[in-house]
Amino acid sequence: MNDQERLFLSLAEQLASPFLQISRLAEISADDDPEAVSQRWQIVRAISEASVQLVESYALSLRIHGKVTPLRLEPLTVSSLLYDTAEQLQPFARQYGVELALDIGSRSTPIIADRTVLQAAMTSLGQVFVLAQAESDDTAAVHLSAHRSRYGIVAGLYGNAQLGADGLRRARALQGKARQPLQKLTSGPAAGVFVADSLLQTLAARLHVARYHNMTGLAATLQPSTQLQLV
C-alpha cells in the first residue's frame, strides 16, 4: 500500500469505534428518562462532530497533496490558533471528562502558514490525546502548548504518555498494518496522528515527539515570519 492507502485504512478503522458508540447511544426506548435521553444525544452530537472533523481533515490533506486545493499562506500567531483549537475540541473532551489547558509562552512570535491546514492538524492530533487521556487513570489535563526553540516555534499537544521517538517511528511503519500502531499513547488506530502528520507535511513541517515542562507530546516546529518580526 502507498501512504495514502495506509492513511485511509487507518481512518476507516478509527471511525468504526465512534459509529458503534453512536449506534448504541441511539437505542432509545419509550421508558427512558427524558434527561438521560438528552444527555445521550449530546454525546452523540460531540462524537459525530469530532468524526466529521477528522474526515474533513483527511479530505483536506488529499486535496492539498493532490494540488486540487492550494495552500493559503498568511501571517498568524500560534497562540490564537491553539485557542481556537481548544474551543473546537472542548465539546469532545467534555464528553470524555478530559480537561484541556492552554500553555503558551509570553512572547507569541508570528509565523506564516495556512491557518485552516494547521488548525485541522492540531485538532486531529487533539482528538487522539483526548482519547488517550480518557483511557488512562491520570486526571491531568491535555495541554495545547507553544514555545520558542532554537529551531523555531514548537506547537503541539502534550500529556503524560510514555512516548519516544522510536515509538513514533514504529507507528509510522505500522500505519495501516496494525490496529494499535501507537500503543504508548493510545489503544486505538490513532488515525488523527497520521492525518495531522500528512497535513503538516504540506506546510514543510513534520510531527515529532517533544518534551516540555515535564510533559511528553507530539508537536511540529514551525518557522517564524522574519518579515513580521522586523515590523
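FYI, it's all coordinate maths here, none of it is from the lab. As the structure is a computational prediction, the values presented were derived from the model and not from experiment. All Cβ positions, glycine included, derive from the backbone under ideal geometry; neighbour counts span all protein chains shown.
A few points about this structure:
- Integer Hz, Karplus 6.51/-1.76/1.60 couplings in order for segment 69-76, x for Gly and Pro: 10, x, 5, 10, 7, 8, x, 7
- log₁₀ of I(q)/I(0) at q = 0.07, 0.11, 0.14, 0.16 Å⁻¹ - the chain, Debye sum with one point per alpha carbon: -0.23, -0.55, -0.87, -1.12
- Table column - 3J(HN,Hα) (Hz), segment 52-60, Karplus curve with 6.51, -1.76, 1.60, x for Gly and Pro: 4, 4, 5, 5, 5, 5, 4, 5, 4
- Spatial separation of Cα centroids for segment 4-45 and segment 200-223, in angstrom: 31 Å
- For Asp166 and Asp138, a Förster radius of 25 Å and the Cβ-Cβ distance give a FRET efficiency of 0.65, rounded to the nearest 0.05.
- Each peptide among 84-94, 40-50, 117-127 gets the average number of other Cβ atoms lying within 10 Å of its residues, and from highest to lowest they stand as 117-127, 84-94, 40-50.
- Rounded, prolate or oblate (a/c below 1.5 giving rounded, otherwise prolate when a/b exceeds b/c) for segment 1-90 by Cα gyration tensor: oblate
- Cβ-defined net charge surrounding Leu163, 12 Å radius [Lys, Arg +1; Asp, Glu -1]: +3
- Couplings 3J(HN,Hα) of segment 172-185, computed from phi: 4, 5, 8, 4, x, 10, 10, 6, 10, x, 10, 5, 5, 10 Hz, in residue order, whole Hz [Karplus 6.51 cos²θ - 1.76 cosθ + 1.60, θ = phi - 60°; x for Gly and Pro].
- Relative intensity of segment 89-139 on a log10 scale, I(q)/I(0) at q = 0.28 Å⁻¹, equals -1.09, per a Debye sum over C-alpha point scatterers of equal strength in the absence of solvent.
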